[in-house]
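The values are calculated or read from the model by the stated rules, or taken from the named source; none is laboratory data. Being a predicted model, the structure only gives us computed values, none of them experimental. Positions of Cβ are backbone-derived with ideal geometry, glycine not excepted, and every protein chain shown enters the neighbour counts. Remember, those area values only see protein heavy atoms, side chains included, never the ligands or the DNA or RNA. Shrake-Rupley method; radii C 1.70, N 1.55, O 1.52, S 1.80 Å.
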Amino acid sequence: WLSEFALDETRSRVPILYVEAVPVRVDALGRVEHVGLLLRGSASGELTRTLVSGRVFHGESVREALLRNLEKDLGPTAFPRLPASTLPFTVAEYLPFPGVSALHDPRQHAVALVYVVPVTGECNPRQDALELTWLTPDEALADEVVDDLEGGRGALLRQALTHIGAAG
């Protein structure tokens, strides 16, 4: 819907709206058993962990954007269980200047609505994701994993798991 040039120009002038999701597997009582983290190659050639993330397109509802980005990153058979309400558990703000906030995106000023989304199906990462790793909440909260999440998303992961009572 925007050329790369137009997107770069827009990113340099206005905040861009995103949705982000922490995919989880839950037991019959709704307790989180596993957290899914994506492995991606960065522009600098480094491998980093990240969450499901993507822009909200013009004219697209937040619910549609969340479903589209979950399918884009996890595949069409992930079968996410979207929340009844589109109220996120937090709103994250990424600034293009390092050190100003815990969240950083050198490309842009971005605002993300962040959700925890249970998935029940087979997840096969697509697009630029190399793999999806399922970790227990304790494994996901290990310092080496949290520190490996790009752009400060480790703080979001901690916040998400605390929000749903899965942080031990």
So the carbon and sulfur contribution to the accessible area of region 1-144, 1.4 Å probe, in percent, is 56
Expected field for VAL100, accessible surface area in Å² at 1.4 Å probe radius, rounded to 10, holds 100
Taking the alpha-carbon centre of each part, the distance from region 139-163 to region 1-57 in Å is 14
Going residue by residue through region 109-118, the Karplus relation 6.51 cos²θ - 1.76 cosθ + 1.60 with θ = phi - 60° gives ³J(HN,Hα) values, rounded to whole Hz and with x marking Gly or Pro, of 9, 10, 10, 10, 8, 10, 10, 9, 10, x
Total charge of the residues flanking GLY41 in space, meaning their Cβ is under 15 Å from its Cβ, with Lys and Arg +1 and Asp and Glu -1, is -3
Rounded to whole Å², per residue accessible area for region 54-97 with a 1.4 Å probe reads 54
With -39,500 (n - 2.57) per DSSP H segment of 4 or more residues and division by the full residue count of the chain, the 222 nm estimate, nearest 500 deg cm²/dmol, is -7000 deg cm²/dmol
Rounded to the nearest 5, the percent of antiparallel DSSP beta bridges in the chain equals 70
Spelling it out for ALA167: with amide H atoms placed in the peptide plane at 1.01 Å from N, the residues 5 or more places away or on another chain with amide H under 5 Å from its amide H are THR162
Share of Cα-Cα pairs in region 91-168 beyond 21 Å, whole percent, is 37
